[in-house]
Structure formats: structure tokens, C-alpha cells
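Q: The structure follows.
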Number of protein chains: 2
Amino acid sequence: MSAQIDKKETTGFSEDEVLRQIEQAVLDHRLPPGTKLKEVQLANLFGVKRGTIRKVLTRLAHSRLVDQTPNRGATVAKPSVKEGRDLFATRRVIESAILETLVASADDRMIRHLKKLLEREEKAYRRGDSELALKLSIDFHRELAAMAGNSVLEEYLNDIIRRTPLVILTHLGNDKENRCRNQEHVAIVDAIEQGKAKKAVKIMHRHLLQIESKIQHKPETPQTDLATLLRPPGERVPA
Amino acid sequence: MSAQIDKKETTGFSEDEVLRQIEQAVLDHRLPPGTKLKEVQLANLFGVKRGTIRKVLTRLAHSRLVDQTPNRGATVAKPSVKEGRDLFATRRVIESAILETLVASADDRMIRHLKKLLEREEKAYRRGDSELALKLSIDFHRELAAMAGNSVLEEYLNDIIRRTPLVILTHLGNDKENRCRNQEHVAIVDAIEQGKAKKAVKIMHRHLLQIESKIQHKPETPQTDLATLLRPPGERVPA
DNA sequence: GAATTTAAAATTGTTAACAATATATCATCA
DNA sequence: TGATGATATATTGTTAACAATTTTAAATTC
């Protein structure tokens, strides 16, 4: 009744590629929290051995993107309200530190690069391409972290960013409201350009609190679905 | 020439226990950076299968305590000067946030508990038991993190604490100077008790900068030795 | 003797078969 | 019907044997 998922022809991915694809699926809000992740199913989907999937799941569990329980396999993690709050609070701390560092060393080239990113982001918003807009919004935050030049801060922010979609999906639903506002990104870059660290931090705080303030009620538990949602482009559905 | 390390009789540890023992060995400055970690050797030492060691090494690599290179195995990580600086800079950020949070919610019970810890720490210092003093000093920082009540901040601080010995050993040597000073810990608790967050943060900054300022020169590369240093208590050496 | 090549040993990486556990299916009975 | 228990299936966990690679050692050549 739930047997053959073919897909043997694909060339086969490396362990890192599989990991990144799953992480990307979470970032894109395609993998709802609570989704069961069966080893053989994933192995077939990606055209790899079960052992590879096994290692990937362990790594994902280590970064708290999946929950692993002995003998019962892995599911996409479902952060608690508490964890969600802690995550956002920590994010404010990390992003503030990034901005303080960045303002001290920002040059024209960086500012220009950031503004180019923001233009693309705004264009995506106007065009109504919310998928691309979300991606570019994430890129903006990541770019700030990379520019600050502290690899550990960058590492931690990326960790938080990866976990954030799970918090949003479990405690906010998939509303369009819960996205970064391009306008605020612009204001942050302006503050950086002016060398006003405190101002940049203040805007960033408001920016993050806007989303954070909403995570308190958990509306309902949506039913999990099959894992064909791992493939971003059009894909055929096996018989 | 480097063949049989017996040790088959031991009861055998679980995966998590093996992980913790290795982490503890790093914390205790018993595992110098660069030490080769051979799978079968570790498997024999802990009385577990090679697969278990393999998973543990992967997990340790994920938290950057070991470096893994394909086909060439794992070694205890050797952080660069840059990584060391970034680590300490981030630690200041995290510990500051912890203190700010903590001061807002500290009660008498917490203060009393902290003071008790400090007494034990001071006693260990006076007695000259620098091993215990180091351990208690780490406990102090961890306790602050736990009391703040933000699980993500706590998680990150623990991550940093685990990696810190590797930075110290590679770029500072094993001097007694590079340890936390009990006196400063006392001053931090006093500031918390008085509800002065800014003051506590300032002391903490000075506290951490004192160590951080020294990581610039890397004296030499000490030779790696065998991994019998994994056992804290007295152990027999096989023929 | 130093450098290069060849062979041996040690170490890591992979796989398929098996074992253990959990989940689903179905029959039985109150 | 609904609960209980037995059987079958599906899923995860483990292991030992094998393959691939690197490191070490020895042999050869100049």
C-alpha cells in the first residue's frame, strides 16, 4: 500500500548535497514540522544508500532541525514556544553584535553590494514573487553576518536562520505577514552607511520583535504529507 | 610496531558516554590539538564497535572539536588565531546577554547558590588544586548561563566553552596565568546581587579580555602523544 | 646517501545481510 | 461495535566482511 517509490535513474547525490537540499526545503517552508523522515524513502528519493541518509539525519538532528528518537526514526523538529522565544531573543543578540562590528568596518563596496541586494529584494516583492523575496530577505541577513567578518557569529546566525522557519510554521502559520519588510532592511543599511551603530541596532530590534511578538499561540497541528515536497522544480509523480 | 592495544574486558560505553568522555578530556586540557584519533584504537579503549566511534567522531567534528579529512581520519581540532579571536569575541557577546537577562530575574536563591560555588572555587585555588579550580571555574560560567533561562544562549556558551581549551592550548600554552580569576567571579556576583547589569557586563568583559588579549603568538607545535590520556584516574598500561 | 619505485601494512570507507523494534493488519471475543 | 491479542509487515539498528585509500617500510636506482 505504501511500497515502491521508484527513482533509481538519478545520478545520486553526495552526502553534503542531500543535507543541503533538506535544509533548503526547510528554509523554503516546504517541510512542515512533524513530517516523518523515513530512511529508505529518502534514500530512494535521492538515489543514495541508506547509510548516507542515516548520517545526514544525525547531522540534521545535531543542528536541531530534526528530532530523533531511538527505534522510531526522525521527524522534522517542532520547536516549543519556549525554544522559539529563546531563538528569537538570541537572534537579536547575535544580529546586534554583527551590526556593531559591521558599522566599525563598513566601506563603500559593502554598502553598494547591500543596496544591490535590497533592490532585487524590493523588485521581487513588487512582482509578487514571495518565494524569491523570502530567499533574498534571508540572503540579506546572511550577507550582513558574512561582512562582519566574525566566523563564529556568522555560524550561529546561520544556525538560527535555519531553525527559524520551523518556529514560524509551528507557532505562526504561513501568513504573508510574518516576513521581513524590505523597508526596514533599507533603513538598516542607511544607518550602517551613516555609521550609526546604535540606530541600526534599534531598527534591527524592532524588525525582529515584529515577528517575535506573534509567537505565543499555536493554531493547530496540520497533518503531515508525503515527502515529494523535497523537490523544488516540477517533478513527475510515480505511479 | 603499533599493534595490539588489548582492553577487551571493560563493560563498554554507550555512544553518548564516549562522546562526553572525549569532550571532558578536551576540557581538562588532556587532549592536545592535533592529536590523531584512530578509530580502532578508540574502539578498543572504550570497548565499543568501530561504528560507534565513527558516529562520535562525526558529532565531534560538527561541534568543531575535531577535524575530519576524507580517507585520512580525525584529529583534535587546531583552531586558527582568527577563529580563536572570533570565539572569544562571540563569547563576550553571549556572556553579556546572559548577564543582562540574569540580572533582570535573579533572586536570593540563585545568589546564594552562586556564592557557594565561588567558595568552593576559592578553596580549590588556595589548596593549589588547579585541576578542580579550572573545573569549578567552568561550572561558574555554565551556571550563569543556565540561570539566565535562555536555552539557546546556554547552548551556544557551552559550545564556546568546549572549544576554548583548544584555542588556549594552541595559542597560549598551558600557563597557569590563563585561568579565570576567582576574584573577578566574586565581583560579577556582587554586581548581579546589586542589580547592576552594566557593571556586571563590564567586569565580565575585562575578565574575558584578560585571556583573549594574549592569543596572538603561537609558540610552537608540541608533538602529539598516544591516547592513553583519555582516562582521568589511574589506569594500567598494556604491554 | 638521496631520491624514486615497489610492496606491505595500517587505516578509513562502504555495503549487504541480519537482528531488534515498532507499526499496521486482522481475527477473536465480550 | 469496540477492545484485546496474535500475526505480518515495515522500519530502524547493528555487524562483519569487503573495498579503497593512505601511510609505512623496504628495495632499487642513480
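The values are calculated or read from the model by the stated rules, or taken from the named source; none is laboratory data. Note that the structure is predicted; figures quoted are calculated from it, not measured. Note that each Cβ is placed from the backbone with ideal geometry, even for glycine, and that neighbours are counted across all protein chains shown. Only protein heavy atoms, including side chains, enter the accessible area calculation; ligands, DNA and RNA are left aside. Shrake-Rupley method; radii C 1.70, N 1.55, O 1.52, S 1.80 Å.
Q: To the nearest Å, what is the center-to-center distance of region A:22-81 and region B:94-109, using C-alpha atoms only?
A: 35 Å
Q: If you don't mind, another one. All other residues with a Cβ under 9 Å from the Cβ of A:Leu117 taken together, and with Lys, Arg as +1 and Asp, Glu as -1, what is their net charge?
A: Details: positive: A:Lys115, A:Lys116, A:Arg120; negative: A:Glu119, A:Glu121, A:Asp139, A:Glu143.
Local charge sum for A:Leu117: -1.
Q: Hey, another quick one. What is the set of long-range amide H partners of A:Val66 at a cut-off below 5 Å, with H atoms built 1.01 Å from backbone N?
A: Those qualifying (amide H under 5 Å, at least 5 residues apart or on another chain) are A:Ala61, A:Ala77.
Q: Here's a follow-up. Just the projected area, averaged over all directions, of the convex hull on the alpha carbon atoms of region A:1-160: how many nm²?
A: Values: hull surface 49.9 nm².
Mean projected area for region A:1-160: 12.5 nm², to one decimal.
Q: Another one. Report, in debye and to the nearest 20, how large the dipole of region B:15-78 comes out about its Cα centre when Lys and Arg carry +1 and Asp and Glu carry -1 on their Cβ.
A: The calculation lands at about 260 debye.
Q: What average number of partner chain Cβ atoms lie no more than 10 Å from the Cβ of the residues making up B:149-157?
A: Working: counts 2, 8, 7, 16, 6, 2, 5, 8, 0.
Mean shielding by partner chains, rounded to a whole number: 6.
Q: Tell me, what ³J(HN,Hα) does each residue in region B:101-108 have, in order and in whole Hz, if you take phi through Karplus 6.51 cos²θ - 1.76 cosθ + 1.60 with θ = phi - 60° and put x for Gly and Pro?
A: 3J(HN,Hα) across region B:101-108, in whole Hz: 5, 5, 4, 5, 10, 5, 10, 4.
Q: Which ³J(HN,Hα) values, rounded to whole Hz and listed in residue order, are derived for region A:53-67 from phi using the Karplus coefficients 6.51, -1.76 and 1.60 in 6.51 cos²θ - 1.76 cosθ + 1.60 with θ = phi - 60°, glycine and proline given as x?
A: Computed from phi, the couplings for region A:53-67 are 4, 4, 5, 4, 4, 4, 5, 5, 5, 5, 9, 6, 8, 10, 9 Hz.
Q: Tell me the total accessible area that A and B bury against each other, 1.4 angstrom probe, in square angstrom rounded to 100.
A: Its buried surface, counting both partners, is about 1900 Å².
Q: Taking only protein heavy atoms into account and a 1.4 Å probe, give the accessible area per residue of region A:8-132 in Å². Before the final figure, lay out each step's value.
A: On the way: 6600 Å² over 125 residues.
Result: 53 Å² of accessible area for each residue.
Q: Moving on. Hey, any idea what % of region A:81-212's accessible area is carbon plus sulfur with a 1.4 Å probe? Mind dumping the intermediate values first?
A: Numbers: 2920 of 5880 Å².
It is 50 percent, rounded to a whole number.
Q: Now, a different point. How would you order A:182-192, B:191-201 from highest to lowest mean count of nearby Cβ atoms within 10 Å?
A: Top to bottom by mean Cβ count within 10 Å: A:182-192, B:191-201.
Q: Let me know the charge dipole size of region A:1-110 about its Cα centre in debye, to the nearest 20, where only the beta-carbon of Lys, Arg (+1) and Asp, Glu (-1) is charged.
A: 660 debye
Q: Which of the residues in region A:25-66 lose at least 20 Å² of accessible area when you go from the chain alone to all protein chains together (probe 1.4 Å)?
A: A:Lys55, A:Thr58, A:Arg59, A:His62, A:Arg64
Q: Still on this structure: Is the shape of region B:15-55 rounded, prolate or oblate, going by the alpha carbon gyration tensor and its root eigenvalues a ≥ b ≥ c, with a/c under 1.5 for rounded and a/b larger than b/c for prolate?
A: Taking the square roots of the gyration eigenvalues as a ≥ b ≥ c, region B:15-55 is oblate.
Q: Taking amide H positions as placed in the peptide plane 1.01 Å from N, state which residues far from B:Thr35 in sequence (5 or more) or on other chains have amide H under 5 Å from it.
A: Here B:Val76 satisfy the definition.
Q: Which one, A:Pro70, A:Gln41, A:Leu27, projects farthest toward the positive side of the charge dipole computed for region A:15-78 from Cβ point charges (K/R +1, D/E -1)?
A: The Cα lying farthest towards the positive end belongs to A:Pro70.
Q: Taking R0 as 51 Å, what's the FRET efficiency between B:Ser130 and A:Glu143 from their Cβ-Cβ distance, rounded to 0.05?
A: On the way: r = 45 Å, r/R0 = 0.88.
About 0.70, to the nearest 0.05.
Q: Right, here's the next one. What's the Kirkwood radius of region A:93-158 in Å, using all Cα pairs? Working shown, then result.
A: Details: mean 1/r = 0.0807 Å⁻¹.
The answer is 12.4 Å.
Q: Still on this structure, I have one more. First obtain the Kirkwood hydrodynamic radius of region A:81-212 from its Cα pairs, then insert it into the Stokes-Einstein equation at 37 °C and 0.692 mPa s, and state the resulting D in µm² per second as a whole number.
A: 220 µm²/s
Q: Further question: Within 10 Å of each Cβ in peptide B:77-87, how many partner chain Cβ atoms are there on average? Round it to a whole number, please.
A: Counting Cβ atoms of other protein chains within 10 Å of each residue's Cβ and averaging gives 2.
Q: Report the charge-dipole magnitude of region B:122-208 in Debye, nearest 20, computed about the Cα centre from +1 at each Lys and Arg Cβ and -1 at each Asp and Glu Cβ. Please list the in-between numbers first.
A: Values: 15 positive and 13 negative charges, 58 e Å.
Magnitude of the dipole: close to 280 debye.
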